[in-house]
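Okay, so here's the structure we're looking at.
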Amino acid sequence: MAEKKNNDLENNRFELAFRRLKRNKLKISLLLLFVLLLGELAFTGIYAYRVSKGKAAPEFFAYLSLGRRLFPSLVRPDPPGKQRYLGNLSSLRGAWKEVFPADTLLGWRIGKNISLIHEAKFLYVSNEQGFMSSGDYEFHYPREKPRDVFRVIMIGGSTVFGQGAYVPSENLPAQLRKVLQQKYPGRKIEVINAGVAGYASNLEALYFLSELVDFHPDLVVVYNGWNDLSYAVSEAVDYGPEGNPYKS
């Protein structure tokens with residue numbers, strides 16, 4: 001009886017297939033690893049190429065590319081421009097003092113002539129004036145605005161600064177510039193990205209009155225709200241209904 005069961009088991013097609021699979025397990029594992037490596041090379045290559053052209057990579061590639069995370073310097077702009085590259089910074093470590101240097105009037109501002117990658121994902125670029133990019137890697141805005149230029153200054157916090165955009169050409173000021181250029185194809189249009197991460201409306205107003213007004217904008221766009229609300233909630237939690245006693 002036991003011998004018959006063993007013979008039946010030997011002739012069972014599922015048992016035979018399982019045994020073949022066990023014998024070929026190493027080959028299958030190596031084949032899968034090879035396919036994964038090919039996929040990684042493809043994802044990293046597509047991501048690096050699109051970033052070098054100032055375009056955002058598809059989100060699918062951006063998240064799946066392990067190479068992009070391990071070697072972020074491979075996907076910075078090529079050529080990187082004249083900015084000083086600060087490397088791949090995490091939220092908790094890195095040269096953030098150079099990204100947001102202290103300022104005696106505003107508290108902090110944007111570092112000049114720098115580029116960095118945040119969390120191996122987001123690329124940020126500033127110029128020698130301390131403005132974030134609105135899509136370009138080489139840019140400068142003369143204080144005396146040329147007569148044939150329609151100049152827009154966009155003010156705000158991290159959303160205007162570029163948080164959430166993989167490359168500068170995908171941030172909010174860059175999108176505004178694209179829309180305006182499409183609507184007015186014959187006009188020379190500048191959009192100055194004056195966003196500073198962490199700024200609320202009080203600092204934005206001070207920034208505009210102390211510096212930005214000298215750039216003679218034709219239009220000023222203010223995009224904020226979240227930081228004002230966040231700071232107000234924090235003060236309410238810390239000081240209660242009477243408010244911050246140190247605030248005049």
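The values are calculated or read from the model by the stated rules, or taken from the named source; none is laboratory data. Since we're looking at a predicted model, the values are computed, not measured. Note that each Cβ is placed from the backbone with ideal geometry, even for glycine, and that neighbours are counted across all protein chains shown. Heads up: the accessible areas ignore ligands, DNA and RNA and are worked out on the full protein's heavy atoms, side chains in. Shrake-Rupley method; radii C 1.70, N 1.55, O 1.52, S 1.80 Å.
Got a sec to turn the phi values of segment 177-193 into Karplus ³J(HN,Hα) couplings, 6.51 cos²θ - 1.76 cosθ + 1.60 with θ = phi - 60°, whole Hz, x for Gly and Pro?
4, 4, 5, 5, 5, 5, 6, 10, x, x, 9, 8, 10, 10, 10, 7, 7
Once you put a point 7 Å from the Cα of Arg93 and another 7 Å from the Cα of Phe150, both along the Cβ direction, what distance in nm separates them?
Simple spin-label model gives 4.8 nm for this pair.
Evaluate the Debye formula for segment 124-170 with equal point scatterers sitting on the alpha carbons, no solvent, and hand back log10 of I(q)/I(0) at q = 0.20, 0.21, 0.23, 0.29 Å⁻¹, in q order, two decimals.
-0.73, -0.80, -0.92, -1.23
Which entries of Lys97/Lys145; Lys145/Lys183; Lys121/Lys178; Lys27/Lys121; Lys112/Lys145 show an alpha-carbon separation above 25 angstrom in the structure shown? Walk me through the numbers before you get to the answer.
Details: Lys97/Lys145 31 Å; Lys145/Lys183 21 Å; Lys121/Lys178 23 Å; Lys27/Lys121 34 Å; Lys112/Lys145 21 Å.
As for pairs spanning more than 25 Å Cα to Cα, those are Lys97/Lys145; Lys27/Lys121.
Is segment 95-154 rounded, prolate or oblate when judged by the Cα gyration tensor, a ≥ b ≥ c being the square roots of its eigenvalues, rounded requiring a/c under 1.5 and prolate requiring a/b larger than b/c? Before the final figure, lay out the partial values.
Values: a/c = 2.68, a/b = 1.44, b/c = 1.86.
Oblate.
Taking segment 112-214, how much of its Cα-Cα pair set, in percent, is spaced more than 23 angstrom apart?
Of all Cα-Cα distances in segment 112-214, 24 percent exceed 23 Å.
Heavy atoms only, probe 1.4 angstrom, no DNA, RNA or ligands counted: give me Asp103, Asp214 ranked by accessible area, highest first. Numbers along the way, then the final one.
Numbers: Asp103 35, Asp214 70 Å².
Result, largest first: Asp214, Asp103.
Given Cα pairs under 8 Å that are at least 6 residues apart, what percent is the relative contact order of segment 143-207? Don't skip to the end; give the middle numbers.
Details: 91 pairs, mean separation 30.3, N = 65.
That works out to 47 percent.
Any idea how far the Cα center of segment 81-100 sits from the one of segment 151-197, in Å?
22 Å
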